[in-house]
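Some notes on the structure that comes next.
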Amino acid sequence: MRQLIFFGWNFIFNADVSPLRHIPDTKRRHLVLQALGLMWAVSFGIALGSYTVLAISVLGHAVLIAAAAVTVATYTAAASKPHLFMSGLGRSRDGEHD
């Protein structure tokens, strides 16, 4: 495992091992490596940000869908079984007890 990590690191970052070694100008090779590094940093940043925002977005949408489901269930129950809303909920009027 240690050898695999060492080889992977050298393949990416060592100018004598990576495919960038074929670029003859050292400054240009360094520029290309920096551009690739920036690209990967931005890619990981965007991915991590979207995963974080996605979790919040999923939670928010789940709450909205649950609220819609409760509303539909309440309206359906009120239309088909209105007596469910009349039994012992809240205060009674003028001291009346059910």
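The values are calculated or read from the model by the stated rules, or taken from the named source; none is laboratory data. Keep in mind it's a predicted model, so treat the numbers as computed, not measured. Using ideal geometry, Cβ is built from the backbone for each residue, glycine included, and neighbour counts are taken over all protein chains shown.
Worth pointing out:
- Some residue of segment 22-44 being aromatic (Phe, Trp, Tyr) and at pLDDT 90 or above: yes
- Flag if His97 is in a helix (DSSP H, G or I), modelled with pLDDT under 90 and surrounded by fewer than 10 Cβ atoms within 10 Å (Cβ to Cβ): no
- Scanning segment 21-57 for residues that are assigned to a helix (DSSP H, G or I) and more than 35 Å from the chain's Cα centre (by Cα) yields a total of 6.
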